[in-house]
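In what follows, a single structure is set out as structure tokens and then discussed.
The values are calculated or read from the model by the stated rules, or taken from the named source; none is laboratory data. What you are looking at is a predicted structure, and each value in this text was computed from that prediction instead of being measured.
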Amino acid sequence: MSDDILPNDIPNDEDGADGEEMTPKALAAFEQYYALGPGRSLRKLAAEAGVAQRQLERWSSRYDWPRLARERHTEEVEAARSAARKEAATLARRRLRNAQLMQEAALTIFSLAKLTDMEPDEARKALPDARFLLVEGMKAERLELGEATETTATVAPPKPIGEMSDEELHAYVALLEEQA
């Protein structure tokens, strides 16, 4: 037979019904078909695989290759999304732990510092690092938890900006600059 097609590869009226397993050759052809990516077609596969396009059409129809390709693609996308979610959760836990370690380091510095025994210059040198670790650790923790890291006051203009005179606009800009 041409194209090395076995007799059981040729469909009859009863083949291809619900969940029938593909023959090894049809499965190999499907794998090549799927590997062609979004621009896949039976014509391209026939040219690449050296299998008659009519045979590929029978297999594709019999086993519903387009549906199988969509299902596999959906599974791959979901698996990639799931892996990305797991990785993001792992990184978030690591960032949160690092923020907590920064705070713990600051608290350790504060607890070990015997301010009354230190020279003023020595205390001034030691405590800014501890303060920095504490403040930045707290900000990083709040950021990771989705909480506000800064508070800002908003100053609404007294009237729509397009209706302000130059003097009013300059006064409003000056007020905003004071807030910054």
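At-a-glance table
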quantity: Test: residue in the stretch 15-24 that is in a helix (DSSP H, G or I) and either modelled with pLDDT under 95 or over 24 Å from the mean Cα position of the chain (by Cα) (or both); calculated: yes
quantity: Any chance E87 is of a type in the set (D, E), under 37 Å from the mean Cα position of the chain (by Cα) and not assigned by TED's automatic domain parsing to the domain that holds A35; calculated: yes
